[in-house]
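Notes follow once the structure below has been shown.
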Amino acid sequence: MSLKENVQQGIRSLGTRRLRTLLSTLGVLFGVVAVVAMLSIGEGAKRETLAQIEQLGMNSIIIRQNELSEEQILKTREQRSRGLTQEDFAALEQGVPYLDQQAALKLVEASIQASFAAISPEILAVTNHFKEIKGLEVAEGRFLCSLDMRQKQQVCVLGSETAKTLGKYGHAGQSIRIDGVEFKIVGVLKSKQWKAGKTNALTSRNLNKSVFIPLGVEKTLPARKLDAKQDTLSEIIIQLNDSNKMMLAVPVIKRIMENVHGHVEDYQLIIPQELLNQATRTQYTFNLVLGSIAAISLLVGGIGIMNIMLATVSERTREIGIRRAVGANKRHIITQFLIETLLLTLIGALSGVLIGVFFSFLISFTAGWNTVVTAWSVLLSLGMAIAVGACSGLYPAIKAANMNPITALRHD
């Protein structure tokens, strides 16, 4: 018999035992669903984490002001550490090797009035290099410059969503009031893709909803003049000219910060490249665990197929004897039963892929998790299913081929 005839014979044989065929494919089906769904969850988590890390800047190092406990506050007072300040900014600018540029950021707590209505975007006092480091693009007007900082000019730049909220008043040339002080809008930024961080280290600000003012101008606001923390910074962002030199620059940064702060950890050092390496290692372990669980599911399905095929061989003993009597050899018998096994496996695997893709989207819709079905996960699940099916069907096929033809013909 040709391959086509063997396939047709296998389809007819499976068709005569529909319920058994359905039950035997369920194990493989659920195994493939597990592989596709689990890998899609893992891939979605990986891409989301990578997107959050990339927002921080792969060749950047971020030093962030820490929120301190009462015990830590007492220690900072003993060591006379004032938190993250301009002193740190200057020391880092002078001492960090491979420095390309750096920027400082301060979160300003103030109220905004515009177009006779109060809005509540995040007010960020920043230095002029903040735009280049964060990859911001100007849609209208310009960004803040060093002259704005030196002369403490009361100007501001709006994020894209803040500008939309203001409507016709959210354009260059218009004005807003921050704590009653008028600030002229000199620019509006283009929208920038943003993903919320799931951990403190990955937290980044949605710059689309921000208002930017020159660093230092916030000290002139009425509500800030008596603020004891008016000299502190929220973040310092260091950008290196070569990302391969990251691990050489980090020890120097740590040493500078320890010297300035008297070994008080009132700051947090965030290295996106290191976070990426950790995320990659975690993802590898996660995929290994998911793959092992899915492989066990497929193995259970393979055992079910083997049991069904052994029962099928026993039922069709006389048919095997007749085929051997009319000229079929052992290879023909093995081919026939292996094709039937692979047909069973393919039916379960293809159904499992479709259901797995459906479950992935269902999980994303109901649980809010980011899931991504990739071509390699589908091919991997199909490949594993076919390999398990072939291994499971090999023993029953060999057992059928090794039957004594005379004994098989006498079987009722």
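The values are calculated or read from the model by the stated rules, or taken from the named source; none is laboratory data. Since this is a predicted model, take the numbers as computed values, not measurements. Positions of Cβ are generated from backbone atoms using ideal geometry, with glycine treated the same way; all protein chains shown enter the neighbour counts.
Values computed for the structure shown
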quantity	calculated
Residue in the stretch 373-385 that is surrounded by fewer than 18 Cβ atoms within 10 Å (Cβ to Cβ), touching a residue at least 60 places away in the same chain (Cβ under 8 Å) and farther than 18 Å from residue 29 by Cβ present	yes
Checklist (1) β-branched (Val, Ile, Thr); (2) surrounded by 14 or more Cβ atoms within 10 Å (Cβ to Cβ); (3) touching a Gly at 6+ places or on another chain (Cβ under 9 Å) applied to residue 398, failing item	(3)
From the options 363, 334, 347, 320, residue that is buried (at least 16 other Cβ atoms within 10 Å of the Cβ), part of a helix (DSSP H, G or I), modelled with pLDDT under 80 and of a type outside the set (Lys, Arg)	320
Breaking point among (1) assigned to a helix (DSSP H, G or I); (2) farther than 19 Å from residue 37 by Cα; (3) among the polar types (S, T, N, Q), for residue 268	(1)
Every pair of residues 6+ apart whose Cβ atoms lie under 8 Å, when the first sits in the stretch 131-147 and is in contact (Cβ under 8 Å) with a residue 24 or more places away in the chain and farther than 16 Å from residue 56 by Cβ while the second is of a type in the set (D, E, K, R) and loosely packed, with under 13 Cβ neighbours inside 10 Å	137/190; 138/190; 139/190
Total residues in the stretch 345-372, condition under 18 Å from residue 293 (Cβ atoms) and not small (Gly, Ala, Ser)	6
Qualifying residue in the stretch 229-238 (condition: part of a helix (DSSP H, G or I) and surrounded by fewer than 19 Cβ atoms within 10 Å (Cβ to Cβ))	no
Strands (runs of 3 or more DSSP E) fully within the stretch 17-126 counting 2 or more residues that are modelled with pLDDT of 85 or more and crowded, with 17+ Cβ neighbours inside 10 Å	60-65, 99-108, 122-126
